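Asks: Mind having a look at this structure? Questions to follow.
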């Protein structure tokens, strides 16, 4: 492929990803407002969901590092999550001195209510594309995700 064409395409893809990120952030902010919670609440729920999908025990310390929060801020966040019925703290089965965090069925139900409209719209938008198109998109999005994570790690204090 011609370098000028590839460069222009890469620039357009980069700009579209930026626009998608802004649009997704706006949706998340609107969902948080609708649920009367703050964005950090939703980010914590997302981290809990990811940990459960990955089969990883999430501790308050790991959550704090993931969200870049202090111990005090994490404790306050967990208190709010529990008060809302979205999370529970349990003693670890592996180490009874450790506490693990878990989503509640209410959190999953509330999350589905908030994010199903976006999820459905995204899935519908992909229907016209072939499996090969989606496989190529997956490779590109994965590369962008890895690059963004690496850049975030270097930009963090």
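Asks: With every atom except the alpha carbons ignored, what do you get for Rg and Dmax of the chain, in angstroms?
Replies: Looking at the chain, its Cα Rg and Dmax stand at 18.7, 60 Å.
Asks: Just to check, using Stokes-Einstein with a Kirkwood Rh over alpha carbon pairs, what's the diffusion coefficient of the stretch 85-132 at 37 °C and 0.692 mPa s in µm²/s?
Replies: Using the Kirkwood radius from Cα pairs, D works out to 242 µm²/s.
Asks: Using 0.36 nm per residue, how much length does the chain from residue 29 to residue 67 gain when fully extended, once their Cα-Cα distance is taken away?
Replies: Extra length available between residue 29 and residue 67 comes to 12.0 nm.
Asks: Can you divide the C-alpha Rg of the stretch 106-157 by 2.2 N^0.38 Å and report the result to two decimal places?
Replies: Normalised Cα radius of gyration, the stretch 106-157: 1.58.
Asks: Among 41, 90, 102, which comes first, second and so on when ranked by fewest other beta-carbon atoms within 10 Å?
Replies: 90, 102, 41
Asks: Provide the FRET efficiency to the nearest 0.05 for the residue 39-residue 115 pair, computing r from the beta carbons and using R0 = 22 Å.
Replies: The calculated FRET efficiency here is 0.95.
Asks: A further question follows. At a 10 Å Cβ-Cβ cut-off, how would you order 18, 39, fewest neighbours first?
Replies: Going from sparsest to densest Cβ surroundings: 18, 39.
Asks: Equivalent-ellipsoid semi-axes (√(5λ), Cα gyration tensor) for the stretch 62-118, whole Å, largest first?
Replies: Largest first, the stretch 62-118 gives 23, 15, 11 Å.
Asks: Oh, and also: Which order do 99, 37, 140 fall in if you start with the one that has the fewest other Cβ atoms within 10 Å?
Replies: Listed from fewest to most nearby Cβ atoms, that is 140, 99, 37.
Asks: Checking the a/c ratio against 1.5 first, then a/b against b/c, what shape does the Cα gyration tensor give for the stretch 38-91?
Replies: Note, shape of the stretch 38-91 comes out rounded.
Asks: Work out, step by step, the length gained on full extension between residue 17 and residue 102: first 0.36 nm times the residue separation, then minus their alpha carbon distance; give nm to one decimal.
Replies: Length difference between fully extended and current span is 27.5 nm.
Here, each number is a calculation from the coordinates, and none is a lab measurement. Just so we're clear, the structure is a prediction, and the values are computed from it rather than from any experiment. All Cβ positions, glycine included, derive from the backbone under ideal geometry; neighbour counts span all protein chains shown.
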